[in-house]
1. For the range 178-244, what's the relative contact order in percent, using C-alpha pairs closer than 8 Å and at least 6 residues apart?
2. Per residue of the chain, what 222 nm ellipticity follows from adding -39500 (n - 2.57) for every DSSP H run with n ≥ 4, rounded to the nearest 500?
3. For Asp327 and Glu26, FRET efficiency with R0 = 25 Å and r from the beta-carbon atoms, rounded to 0.05?
4. Just to confirm a number: summing +1 for Lys and Arg and -1 for Asp and Glu over residues other than Gly11 whose beta-carbon lies under 13 angstrom from that of Gly11, what do you get?
5. Hey, for a label at Thr47 modelled as a point 7 Å past Cα toward Cβ, could you say which residues of the range 6-29 have their backbone N under 16 Å away?
6. Net charge near Gly211, counting Lys/Arg +1 and Asp/Glu -1 over other residues with Cβ under 12 Å of its Cβ?
7. What's the Cα-based Rg to Rh of the range 155-211, Rh via Kirkwood?
8. Mind checking the full-extension length gain between Glu59 and Arg191? Use 0.36 nm per residue of separation minus the Cα-Cα distance, one decimal, nm.
Amino acid sequence: MASGQQVVVFGAYGHTGRFVVAELRERGFHPVLSGRDAVKLKALAETGAAEVRAASAEEPESLDRALAGTAAVVNCAGPFATTAAPVIEAALRAGIPYLDVAAEIEANADTFTHFGGPARQAGAVVVPAMAFFGGLGDLLATAAMGDWVVADEAHIAYGLSSWHPTAGTRAAGAVSRQRRGGRRVVHTGGRLEHRYDAPPRSEWRFPEPLGLRPVVGEFTMADVVTLPSHLSVPEVRTYMTAGAARDVASPETPAPAAADERGRSDQTFLVDVVVRSGGAERRAVARGQDIYAVTAPLVVEAVDRVLTGRTRAHGVASAGKIFDAPDFLGALAPHITVELRP
């Protein structure tokens, strides 16, 4: 265990950032609260002992001060199109690992493209998308692959009971849509493509208790960046239950509301991952509560493994590449229940 070390949480007062701060404390780390709003940081610090270091992605010197003398940084501040690069650069200057919870496809692709070389040369660890979207799907697909070195296709179906987006989710989505110019993204033939047509509608047979549900096909999430970064799978498809897709698209859907003592909403999820090679099929299923809250144990487990040297790579690497996927998933109990179906 790497507990006792200082870990910076940039964007600590955001919805997901608060869960990450709480999880770090529970695991014995000393969170350093950072972000641009000093007032919000001080208010958060009053809920538990923590050091406050205000910083802005537009001010490199402030980031250097925030990261000085710490063991790692977790970036929870979106849109990551504007925060990821400056915080990664600061982490490289400080010589500490960087992890983020970005769900933005373009921001994650930028991290692999622009920082792969510099991070490898520095012997640094940079783990993007270490979250529900991107990280969990990658771990599940990697575990499902098992001893396969290649597969024909990977399908990640998200069965969400509902989706009440945070302000950060809405802001990140707006930035991504602007960058795409109204187009949508798919991963086919081993590369990302942009299309103008509407995503297909279909049905997906989830494991019980969900069963057959209408889904939006090609509801593309960060998995199309994380999986192909290390798995030889030319076709990667993601699906979202139709009701949750409507929720997140509607401007009338309220933000998530706390439903238990840990601050989690009553949202439940079932992630069904299928990989196929030739006529064979392998599957991994994950169940849990609250996609934002569950990001905290995902990224904090990753921090602990990075700081204790339980990694398989350096440079920019996704969760499935850098960690032992089955072992990592097993460590997430009781937050996530995982079933591998060879």
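1. Values: 105 pairs, mean separation 20.9, N = 67.
Reported relative contact order: 31 percent.
2. Details: 12 runs with 120 residues, N = 342.
When only DSSP H runs of four or more count, the value is -10500 deg cm²/dmol.
3. On the way: r = 20 Å, r/R0 = 0.82.
Rounded to the nearest 0.05, the efficiency is 0.75.
4. Details: positive: Arg18, Arg36, Lys40, Arg53; negative: Asp37, Asp100.
Surrounding charge for Gly11 is +2.
5. 9-27
6. Numbers: positive: Arg205, Arg213; negative: Glu203, Glu208, Asp272.
With Lys, Arg at +1 and Asp, Glu at -1, the net is -1.
7. Details: Rg = 14.5 Å, Rh = 14.1 Å.
Dividing the radius of gyration by the Kirkwood radius yields 1.03.
8. Working: separation 132, 0.36 × 132 = 47.52 nm, distance 3.46 nm.
Working it through step by step, the gained length comes to 44.1 nm.
The values are calculated or read from the model by the stated rules, or taken from the named source; none is laboratory data. Values in this document were obtained by computation on a predicted structure and should not be read as measured data. Because the Cβ atoms are built from the backbone with ideal geometry, glycine has one as well, and the counts that use them run over all protein chains shown. With ligands, DNA and RNA removed, areas are computed over all heavy atoms of the protein, side chains included. Shrake-Rupley method; radii C 1.70, N 1.55, O 1.52, S 1.80 Å.
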